[in-house]
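Q: Before I ask anything, let me first share the structure, which is written out below as structure tokens.
The values are calculated or read from the model by the stated rules, or taken from the named source; none is laboratory data. What you are looking at is a predicted structure, and each value in this text was computed from that prediction instead of being measured. Cβ coordinates were reconstructed from backbone atoms using ideal geometry, including for glycine residues, and neighbour counts include every protein chain displayed. Accessible surface areas use protein heavy atoms only, side chains included; no ligands, DNA or RNA. Shrake-Rupley method; radii C 1.70, N 1.55, O 1.52, S 1.80 Å.
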Amino acid sequence: MTCRFDLEHYRELLAAARDGDYRFALFEHEPEQGDIFLRHDVDLSLEAAVELAEVEAGAGVIATYFLMTQSVFYNLASPIGVRALNRLRELGHAVGLHAVWPGAELDERFDPVVAWHNPEESTMSQPIDGAVNVMEPRFFAPAHYRSDSNQHWRSGCPHQALAERAVEWLQLLVHPEIWVYPGDSMRETMLAMLAAERDRRLVQLAEDRIDLS
Ligand SMILES: [Zn+2]
Ligand SMILES: [Zn+2]
């Protein structure tokens, strides 16, 4: 097995979790033996989020997608944003807020669960009124946390630990863009994402009656 950041290996990761007899849990109860809290911070691309969500649904897996209302990169209020959110719901996933400190304004689009975007150490685990903060001590401990940030697993790709059930429970943070777009480095992956965005933008410009002749 090669630990590439692509959809093939993502499916293998999910299969490894099944081999380890883990169950995919939502941030609705205290971690229990065998729980995986599959968390997706959607920083850059709604399209990548939906694509990953479809893969998970095909594997019978649920996750929590954290969407931004203040993103520089996408507009959740646009028709594309509304469709993406509806599709995530249809597939059975939970949807939380990927918030920018200090604002965590939940509305009816979101379940009462928050993940901070680029959090500061000093404030990241503080409780939030009326919502679960995924970095609260009960959900977050270094031994129970893995993240693919910048296409790098700090303590190695978790597929083996999952298959062997080496951790009692796990919060697994996966950024959809990294797996959906090809690239052997974060830079390559981002360039592939931008190329796809450019194509989508050209279609949107034509739909917006922009003369591209
Ligand atoms: Zn791996
Ligand atoms: Zn983020």
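Q: Just to be sure I understand the filter: pairs with C-beta atoms under 8 Å, separated by 6 or more residues or on different chains, first member in region 195-213 and under 25 Å from Glu177 (Cα atoms), second member surrounded by 10 or more Cβ atoms within 10 Å (Cβ to Cβ). Which pairs pass?
A: Ala196/Glu47; Ala196/Tyr181; Glu197/Ser45; Arg200/Glu47
Q: Also, I was wondering about something else. If you scan region 176-202, which residues turn out to be open to solvent by less than 20 Å² (accessible area, probe 1.4 Å), in contact with a Leu (Cβ under 8 Å, 6 or more places away or on another chain) and either within 16 Å of ligand 2 (Cβ to nearest atom) or in a helix (DSSP H, G or I) (or both)?
A: Those that are open to solvent by less than 20 Å² (accessible area, probe 1.4 Å), in contact with a Leu (Cβ under 8 Å, 6 or more places away or on another chain) and either within 16 Å of ligand 2 (Cβ to nearest atom) or in a helix (DSSP H, G or I) (or both): Pro176, Glu177, Trp179, Met193.
Q: Taking into account only those residues within region 147-174 that are touching a strand residue (DSSP E or B) at 6+ places or on another chain (Cβ under 6 Å) and over 15 Å from Arg4 (Cβ atoms), which is farthest from ligand 2 (Cβ to nearest atom)?
A: Result: Trp169.
Q: Shifting gears a bit: Being closer than 22 Å to Ala59 by Cα, open to solvent by less than 50 Å² (accessible area, probe 1.4 Å) and in contact with a strand residue (DSSP E or B) (Cβ under 8 Å, 6 or more places away or on another chain) is the filter; apply it to region 85-130 and report the residue that is nearest to ligand 2 (Cβ to nearest atom).
A: Filtering region 85-130 for residues that are closer than 22 Å to Ala59 by Cα, open to solvent by less than 50 Å² (accessible area, probe 1.4 Å) and in contact with a strand residue (DSSP E or B) (Cβ under 8 Å, 6 or more places away or on another chain), the one nearest to ligand 2 (Cβ to nearest atom) comes out as Gly96.
Q: Something else now. Any idea which of His29, His9, His98, His93 is modelled with pLDDT of 95 or more and touching a helix residue (DSSP H, G or I) at 6+ places or on another chain (Cβ under 6 Å)?
A: Result: His93 is the single residue among His29, His9, His98, His93 that is modelled with pLDDT of 95 or more and touching a helix residue (DSSP H, G or I) at 6+ places or on another chain (Cβ under 6 Å).
Q: Report, by residue number, each residue of region 37-60 that is open to solvent by 10 Å² or more (accessible area, probe 1.4 Å), assigned to a loop (DSSP other than H, G, I, E, B) and either charged (D, E, K, R) or under 12 Å from Trp179 (Cα atoms) (or both).
A: Asp43
Q: Restricting attention to region 1-39, which residues are in contact with a Gly (Cβ under 6 Å, 6 or more places away or on another chain) and away from ligand 1 (no atom under 16 Å from the Cβ)?
A: Across region 1-39, the qualifying residue is only Arg23.
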